[in-house]
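What follows is a short report on a single structure.
The values are calculated or read from the model by the stated rules, or taken from the named source; none is laboratory data. What you are looking at is a predicted structure, and each value in this text was computed from that prediction instead of being measured. All Cβ positions, glycine included, derive from the backbone under ideal geometry; neighbour counts span all protein chains shown.
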Protein chains: 2
Amino acid sequence: MRKITGGVTAAKGFRSACCAAGIKYQGRKDMAMIACDVPCAVAGTFTRNLVKAAPVTWDMGIVYGEKTAQAVVVNAGIANAATGPKGMQLCEETAAFTGKALGIPARSVLLGSTGVIGPNIPLDRITAGVAMMKESLSGTLEAGTAASKAIMTTDTVNKEFAVEFELPAASGEGTVTVRLGGMSKGSGMIHPNMCTMLGYITTDCAIDQALLQKALSRVVPDTFNMITVDGDTSTNDTLLLFADGLAGNQPIQAEGPEYEAFCEALFSVCHDLAVTMAGDGEGATHLMEVHVIHADTKENACALAKSVAGSSLVKAMVYGRDANCGRILCALGYAGPVFDPAQVEVFLEGENDRICFYTDGFIQPFDEEKALALLSEKAVRFTCDMHMGEAEATAWGCDLTYDYVKINGDYRS
Amino acid sequence: MRKITGGVTAAKGFRSACCAAGIKYQGRKDMAMIACDVPCAVAGTFTRNLVKAAPVTWDMGIVYGEKTAQAVVVNAGIANAATGPKGMQLCEETAAFTGKALGIPARSVLLGSTGVIGPNIPLDRITAGVAMMKESLSGTLEAGTAASKAIMTTDTVNKEFAVEFELPAASGEGTVTVRLGGMSKGSGMIHPNMCTMLGYITTDCAIDQALLQKALSRVVPDTFNMITVDGDTSTNDTLLLFADGLAGNQPIQAEGPEYEAFCEALFSVCHDLAVTMAGDGEGATHLMEVHVIHADTKENACALAKSVAGSSLVKAMVYGRDANCGRILCALGYAGPVFDPAQVEVFLEGENDRICFYTDGFIQPFDEEKALALLSEKAVRFTCDMHMGEAEATAWGCDLTYDYVKINGDYRS
């Protein structure tokens, strides 16, 4: 498997477009569309928030129903959440219009929205946007990058990653190159419960739809579900994975080495998107990585890592580059899993250096200057060794800054 | 029941003192002591954080063991948490020294610490402080107020409340006046799981120890456990309730009207302390009150109210006085309890006015100016009507501000 340049247009058969539809933002692109030349198997994971935005409900119907789709239309600025029957009607009309424009069934058009909860999206702007984008669909890498920028809200960088890998050819002779790429947006209202963001991944791999969903469900718990920015699980979280089968590989119809290669590629792109989102959390100046090792169970390792990554006090301490390491121990202590505090070790890790903060039941003396240097790195890494078993997990978050408060104290205007 | 001026010295038999022991803070008082003329029945609730500070472990031993005590010694600045066996040794030595000074058993001396996790407290400063305080113990209201100030850390106001009420006299003729008063501190690392603070309540009521504990355990879930500042459950949370029986009432030995009167008084003081702590959260400019009504169960009402009060996005919106009300709905949605979003109503409440934000499944148009006026009140109140049943709960929190980040980005120094 190799990382390559690209995003949603890296794989064969996928084209994308974007436009300035003027839905809420002015003077920037705020809509994106991905369309495939052929119908795709589609898999998805969605927010577990009880209050689901209309496009989430729409997508779930298709992903769990038809399990096939050919396009997705996304807008930034307004979430189409808490919009009642009117919100669902907008989804139906958007899909119908897009289907007609692309010559595909309405129910093969998926939808995504992100932004303010409450307001209605004006249908005429959406349809005008779709009409514009239909004309500029392109399979170039630049088109994919432009789409990844158009779906941003408070994101400061666009997120796209792609990989390629080899699979046995359908012809039975030699191998073919399969590609998988994706884009995502997410900056606030980010907390692991599904994925808390919009993410779109495309691949030209030929793979059975049930395995496609299985692979996505296997990869999400260790990637998107391990990031947190502010503990708020959004109403709009959606991750979609489209597979059009155009790579010409022998279709993956059972678990085995080919399925594992596919999962590895999917993990790579999901991991890179997730970690980039965590580091680009609203107002963030640092990525924070919390690695829990030697926990008794995987579930407990996840809970412990997420608790530290989500602690307001740990996040504020990382912003202040203040080695107030008792807060890490405190966040482990209220995470839920049972452990013996006297057995735990906590480390601050650098590229070439580490400091032991806590061992043998008490906070250790440490070199403050060295700690300041490690806390000044762009990525701040903590390792918590539970000394209980063999399970491990990594959670990603970011620091809590003045700018997070600023952004969220006045988001609507 | 009447509210009266006072705190821990309001009830007969209790004296307090404080001093500048120089444990971490300079130029201010940082230790307090409460002592009673006679042994007291004692009840307590403690942090559920697995990582418990040494004084918490010490107090739990006595409250669940002897169930009687006569004094408590508290310091601010260093938490004596994550200090291993050395921390426990300090507790033993502090209690032994204090017991000797006051002429009471070491195991009738309870302890409390708040501040930075990790460092050790120098024993000599503690003992010098106790020796000083022993000389200035006083039953005046001023002594109680001074003690409530000495235990502050990042608190901006001291917290003390007291009430008095009538109970049948032990003599069998008429009634006597019983008093109950308390003090608490708490500003950061505040999240409902026990009480997340230090709190000390004294009463001269004669009451059976089992009922004393029962009353405390009944009142805490609706008061201290319903406040949140930052979601971080501290290692040091301790709430102690001392009853010396000197009021001369007929001892309360069974549930009944007298027990109910006692619970009402205890609730009043715990409620006022808790709400004041929420409003004095680190950096806070607003108290936030979230009232959930017509929930299906009490447990669900609590979970829903706490989820809204704890949401970083709701907190930031209250700071920014931005009526981004979809965030409230979002926080209800990820709280856990199952409900139908289309049935919920959300209101912003003022002293004499209210705005309906959400009903019939969508965000309602509202008067922005009126919303700004209501969000500018010192206490911002939301009501969430679930339309499911008869259970209700109220949670208290505060807004998320630049100053929270500032305080916690550089707390140690």
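See the values below:
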| item | result |
| --- | --- |
| Selection from the stretch A:345-377 of residues that are modelled with pLDDT under 90 and in contact with a Leu (Cβ under 7 Å, 6 or more places away or on another chain) | A:Gly350, A:Asp353 |
| So A:Val338, is it more than 8 Å from chain B (Cβ to nearest Cβ) and hydrophobic (A, V, I, L, M, F, W, C) | no |
| Residues within the stretch B:10-31 that are part of a strand (DSSP E or B) and either over 15 Å from B:Ala128 (Cβ atoms) or under 21 Å from the mean Cα position of the chain (by Cα) (or both), tallied | 6 |
| Residue tally, condition touching a residue at least 12 places away in the same chain (Cβ under 8 Å), within 14 Å of chain A (Cβ to nearest Cβ) and not in a strand (DSSP E or B), over the stretch B:32-70 | 9 |
| Some residue of the stretch B:356-366 being in contact with a strand residue (DSSP E or B) (Cβ under 7 Å, 6 or more places away or on another chain), aliphatic (A, V, I, L, M) and more than 9 Å from chain A (Cβ to nearest Cβ) | no |
| Selected residue (criterion: modelled with the highest pLDDT) from residues of the stretch A:134-160 that are in contact with a Ser or Thr (Cβ under 8 Å, 6 or more places away or on another chain) and among the acidic types (Asp, Glu) | A:Glu160 |
| Count of the stretch B:372-413 residues which are among the small types (Gly, Ala, Ser) and either within 30 Å of B:Gly115 (Cβ to Cβ) or within 11 Å of another protein chain (Cβ to nearest Cβ) (or both) | 5 |
| Any hit, the stretch A:248-256, residues being crowded, with 22+ Cβ neighbours inside 10 Å and either more than 14 Å from chain B (Cβ to nearest Cβ) or among the polar types (S, T, N, Q) (or both) | yes |
| Those residues of the stretch B:52-70 which are touching a Gly at 6+ places or on another chain (Cβ under 8 Å) and buried (at least 24 other Cβ atoms within 10 Å of the Cβ), in sequence order | B:Ala53, B:Ala54, B:Pro55, B:Asp59 |
| Pairs where the first residue, in the stretch B:250-277, is among the charged types (D, E, K, R) and the second is outside any helix (DSSP H, G or I) and surrounded by fewer than 18 Cβ atoms within 10 Å (Cβ to Cβ), C-beta under 9 Å, 6+ apart | B:Glu258/B:Pro168; B:Glu258/B:Gln250; B:Glu264/B:Met1; B:Asp272/B:Lys3 |
| Residue count for the stretch B:312-328, restricted to those that are assigned to a helix (DSSP H, G or I) and either touching a residue at least 24 places away in the same chain (Cβ under 8 Å) or not assigned by TED's automatic domain parsing to the domain that holds B:Ala371 (or both) | 8 |
| Residue that is crowded, with 24+ Cβ neighbours inside 10 Å, assigned to a helix (DSSP H, G or I), away from chain B (no Cβ under 12 Å) and out of contact with any Gly (no Cβ under 8 Å at 6 or more places or on another chain), where the choices are A:Ala309, A:Ala278, A:Ala261, A:Ala301 | A:Ala301 |
| Some residue of the stretch A:114-121 being aliphatic (A, V, I, L, M), away from chain B (no Cβ under 14 Å), more than 14 Å from A:Ala32 (Cβ to Cβ) and surrounded by 16 or more Cβ atoms within 10 Å (Cβ to Cβ) | no |
| Residue list for the stretch B:79-107, filter: buried (at least 22 other Cβ atoms within 10 Å of the Cβ) and either in contact with a strand residue (DSSP E or B) (Cβ under 6 Å, 6 or more places away or on another chain) or more than 14 Å from chain A (Cβ to nearest Cβ) (or both) | B:Ala79, B:Asn80, B:Ala82, B:Thr83, B:Cys91, B:Thr94, B:Ala95, B:Thr98 |
| Long-range neighbours under 7 Å by Cβ, at least six apart or interchain, first residue assigned by TED's automatic domain parsing to the domain that holds A:Met183 and closer than 18 Å to A:Glu66 by Cα within the stretch A:209-225, second assigned to a helix (DSSP H, G or I) and of a type outside the set (A, V, I, L, M) | A:Leu211/A:Tyr259 |
| Answer from A:Glu390, A:Glu351, A:Glu369 - the residue that is among the charged types (D, E, K, R) and without any contact (Cβ under 8 Å) to a residue 12 or more places away in the chain | A:Glu369 |
